[in-house]
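Student: One structure follows; several queries about it will come next.
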Ligand code: DGY
C-alpha cells in the first residue's frame, strides 16, 4: 500500500521525525531553510499533507496554486493566522493545529518577559557582558516591583489564564482581563479576576498589560498610538501573542518618548525582520519568538501533529481540526 506523502517545512525534534519516517513517505527540510512562496506552492501540489509552522505564510496567493494534491495542512503550532482558512475551505483542505500543549511554556515565557522588563534584566546583562559593571550601588538599574501589581490580560483563553494563574498565585498580582466571551465563574473566582468590557477600560488601570489574543486581520494594531496613550506612564506592554497585534511604529514612538515605562516582545510584525529602531532602545526587551521553545513542548507539539495526521489518514476526524 502506498503511504501518504508528507512534507515538513522545518526541522522538528529528532524523535518526532523518526516516528514520522516509520509511518509516512516523508520529506524533511534537511538544512532547515525558510521555505519560499514557490516551495510552499510546490508542496501543496506534490504532497498529501503539508506540515508548516508559524513562519510559512500559506496566504491566498500561495494557496491559489493548482492542481492541489494536499488534503491536510497539519500546522506545527497553535496560531493559524498565517493560513488562509477560507481558501483551505474552498479547496477542501483540512487544517489542524496543536492547542493545549504549549500553554504552560508560553505562560512561563510571559512571566520571564514581565520580570525581565520590570527588573531591567536585559540592561543588566548587557552591562555585565560589556565589562561595564563596577560594583553594587544603591541607585543602580532600579526597576519596578512586580509582586502585588495589577496585570491586565487581553485575551483570556488558555494561555491568558495560565499567565493569570502564575501572576495571581505566584506574584500576588491583581488580575484584570478583557475577553470577547464570558468566562466560567469558577475560573474568575479562583483568580479573583475582574472583567473589563473593553480594552479602553482595561488599559488605564494596569501596571502591566499582556497580550494573549489571536493575530490576524481582526486584531491587527489592536494596540496602536491611541491605546498606548491610555496606559499609565509607569506601565509595561508585554507581547507573546502575535506581532501584528501591536502597531510597531506607534510603540517605538511611545517608548522613545518614555510615555510608557517599557515593553517586552517575543513576537514582531514582519518576523524575523525586527525594526532596527527597536534594537536601539534600552526600555524594551526583545526575544526571538521563544514562547514554546522547550524540548518538552516542541516534542509535544510534534506528537500532536502526528496524532492529527494519523487520524486524518485513518479516515477519522483529527482531534485538533480547525477547518
Ligand atoms: C504558536 O504555536 O502559534 C507559536 O507562536 C509558535 O511557538
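A short reminder: the numbers here are calculations on the coordinates, not readings from a lab. Keep in mind the model is a prediction, meaning the values are calculated, not measured. Positions of Cβ are backbone-derived with ideal geometry, glycine not excepted, and every protein chain shown enters the neighbour counts.
Student: State the antiparallel share, in %, of DSSP beta bridges confined to the chain, rounding to the nearest 5.
Tutor: Among the beta bridges of the chain, antiparallel pairing accounts for roughly 5 percent.
Student: Stick to Cα atoms and the Kirkwood definition of Rh, then tell me Rg/Rh for the range 1-97.
Tutor: 0.93
Student: How much mean residue ellipticity at 222 nm does the chain get from its helices, if each DSSP H run of length 4 or more adds -39500 (n - 2.57) and you divide by all residues, to the nearest 500 deg cm²/dmol?
Tutor: Using -39500 (n - 2.57) per qualifying helix, the result is -9500 deg cm²/dmol.
Student: Could I ask something else about it? If I fit a long axis through the Cα atoms of helix 37-46 and take the longest principal axis of the Cα atoms of the chain, what angle between them do I get, 0 to 90°, rounded to 10?
Tutor: Its long axis makes an angle of about 40 degrees.
Student: Based on alpha-carbon centroids, what's the gap between the range 249-323 and the range 123-155 in Å, whole number please?
Tutor: So the separation of the two Cα centres works out to 24 Å.
Student: How do 14-22, 245-253, 88-96, 119-127 rank on mean C-beta neighbours within 10 Å, highest first?
Tutor: Going by the mean number of other Cβ atoms within 10 Å, highest first, we get 245-253, 88-96, 119-127, 14-22.
Student: What is the Å³ per residue value for the convex hull set by the Cα atoms of the range 174-323?
Tutor: Once divided by residue count, the hull of the range 174-323 is 153 Å³.
Student: Okay, next question. Looking at the square roots a ≥ b ≥ c of the eigenvalues of the Cα gyration tensor of the range 248-323, which shape do they give, rounded for a/c under 1.5, prolate if a/b is larger than b/c, or oblate?
Tutor: prolate
Student: On full extension of the chain, what length is gained from residue 192 through residue 134, given 0.36 nm per residue of separation minus the C-alpha to C-alpha distance?
Tutor: 16.5 nm
Student: What is the spin-label model distance, in nm, from residue 90 to residue 314 if the labels are put 7 Å beyond Cα along the C-beta direction?
Tutor: 3.4
Student: So what's the gap between the Cα centers of the range 43-67 and the range 171-216, to the nearest angstrom?
Tutor: 36
Student: If you average 1/r over every pair of different alpha-carbon atoms in the chain and take one over that average, what Kirkwood value in Å do you get?
Tutor: Taking every pair of different Cα atoms in the chain, averaging 1/r and inverting gives 21.1 Å.
Student: Scaled to the compact-protein estimate 2.2 N^0.38 Å, what is the alpha-carbon radius of gyration of the range 116-250, rounded to two decimal places?
Tutor: 1.16
Student: Below 8 Å between Cα atoms, with a sequence gap of 6+, how large is the relative contact order for the range 200-323 in percent?
Tutor: 19
Student: Right, here's the next one. Return the equivalent ellipsoid semi-axes of the range 71-139 as a descending list in whole Å, where each equals the square root of 5 times an eigenvalue of the C-alpha gyration tensor.
Tutor: 45, 12, 9
Student: Once you keep just the Cα pairs under 8 angstrom separated by 6 or more residues, what percentage relative contact order results for the chain?
Tutor: 17
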